[in-house]
Amino acid sequence: MAGLLKRIRWGRVLGVLVLPCVLLALALGGRAAWRSEQYFHYPKPAPVLPADFGDAREVTLRTDDGVELRGWYLPSRNKAAWVLAHGLSQTRMDLIPEARVLHDGGHGVLLFDLRAHGQSGGETSTWGDKERQDVRAALAYVRAQPDVDPARVGALGFSIGSAAVAEVAAKDPQVAAVVLLSPFNTLWLAAAYDFRRFGVVSQTGALIPFWRRGIALDEVRTIDAVDRIQPRPLFIVAGTEESGQPLLDELFTHVAGYAQTWRIPGASHGNFTATAPQEYPRRLLEFADTALKR
């Protein structure tokens, strides 16, 4: 009887100590899951064609998994062309500064909405996973244009777009040059890095929305893909005020031997034209001209 009472007392003590910890972990994990879920819900504004893109034509693409993508194609004047892939919660409109720089320099440009963004179909963004199919469809379209030399087609991506671009370019040697803007090292880190404060508890919670959508977190690894892009020209640009500077340090060190890199002082996640209005367009066009020269 005494032994039973002792076990009961210890059980109560453990319950008093363990139960609050379990409840706290559930609360932290649940809060992280809720915050992470919000990344998948965003407005989808209709794009408006800029007045100076008068030679643009409407484009409809279809991916291998049947998703319809909408975009604009700006014809090439120098037989070179670029596919541009935007970031999460954006549309083709967000890469108009880059498109304008390239097109003014004579390059053809395909601006399009990734799946589940803008006017394109698709149920959900997958942060660069299934967007790989979007980039492949865009490249196939550009290479088929009569004004383009298929051997002179490059790809530029921002954030999740850069992940898709890097993965596709790593496996497709016909991608002649690559520009990665604000890339992340791995999709897992992109999903969990900002939730690292409470370690595995909050980071696991943050991954739940990704697992629920079947996103291949382990397959999208820019830091590995860049190795397979070389010796083709590669230009990586990021801002000094972006989240995850240690990760950018790792990536920039990793590619130091074979890629051009630039960390723009004072820039955050994208919108580099606003931070470096002269230097950024100049460097971007200089890279494009050199990388896709005849």
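Cβ-Cβ contacts under 7 Å between residues 6 or more apart (or on different chains), taken from a first residue in the stretch 131-144 that is under 12 Å from Ala166 (Cα atoms) and at pLDDT below 95 to a second residue that is outside any helix (DSSP H, G or I) and not β-branched (Val, Ile, Thr), are absent.
Comparison of Gly128, Gly121 shows that the only residue that is at positive phi and of a type outside the set (A, V, I, L, M) is Gly128.
Which of the numbered conditions does Thr204 fail, given that it passes all the others? Conditions: (1) polar (S, T, N, Q); (2) more than 18 Å from Phe287 (Cβ to Cβ); (3) part of a helix (DSSP H, G or I); (4) at pLDDT 95 or above. Among (1) polar (S, T, N, Q); (2) more than 18 Å from Phe287 (Cβ to Cβ); (3) part of a helix (DSSP H, G or I); (4) at pLDDT 95 or above, the lone unmet condition for Thr204 is (4). A single member of Gly128, Gly161, Gly118, Gly157 is of a type in the set (Gly, Ala, Ser), within 22 Å of Val237 (Cα to Cα) and part of a loop (DSSP other than H, G, I, E, B), and it is Gly128.
From the list Thr126, Thr63, the lone residue that is more than 17 Å from Leu181 (Cβ to Cβ) and either surrounded by fewer than 23 Cβ atoms within 10 Å (Cβ to Cβ) or among the aromatic types (Phe, Trp, Tyr) (or both) is Thr63.
Go through (1) crowded, with 17+ Cβ neighbours inside 10 Å; (2) closer than 15 Å to Ser182 by Cα; (3) out of contact with any helix residue (DSSP H, G or I) (no Cβ under 6 Å at 6 or more places or on another chain) and name the single condition Arg283 misses. Checking Arg283 against (1) crowded, with 17+ Cβ neighbours inside 10 Å; (2) closer than 15 Å to Ser182 by Cα; (3) out of contact with any helix residue (DSSP H, G or I) (no Cβ under 6 Å at 6 or more places or on another chain), the one that fails is (2).
Residue-level check: of (1) at pLDDT below 95; (2) under 16 Å from the mean Cα position of the chain (by Cα), Gly199 misses just (2). Among (1) more than 24 Å from Arg282 (Cα to Cα); (2) under 18 Å from the mean Cα position of the chain (by Cα); (3) among the charged types (D, E, K, R), there is one condition Asp65 misses while meeting the rest; what is its number? It is condition (2) that Asp65 fails. Note on the stretch 217-254: residues that are under 20 Å from Phe272 (Cα atoms) and part of a loop (DSSP other than H, G, I, E, B) amount to 5.
Inclusion of Val59 among residues that are under 15 Å from Leu292 (Cα atoms), outside any loop (DSSP other than H, G, I, E, B) and touching a helix residue (DSSP H, G or I) at 6+ places or on another chain (Cβ under 8 Å) is not warranted.
The set of residues in the stretch 95-110 that are crowded, with 23+ Cβ neighbours inside 10 Å and touching a residue at least 60 places away in the same chain (Cβ under 8 Å) comprises Leu95, Glu98, Leu102, His107. Entry remark, the stretch 272-294: residues being farther than 29 Å from Ala151 by Cα and touching a residue at least 12 places away in the same chain (Cβ under 8 Å) number 2 in total.
Entry remark, the stretch 250-270: residues being free of Cβ contacts under 8 Å to residues at least 24 places away in the same chain and under 18 Å from the mean Cα position of the chain (by Cα) number 1 in total.
The values are calculated or read from the model by the stated rules, or taken from the named source; none is laboratory data. Predicted model only: the values in this text are computed from it and were never measured. Neighbour counts run over all protein chains shown; Cβ positions are idealised from the backbone, glycine included.
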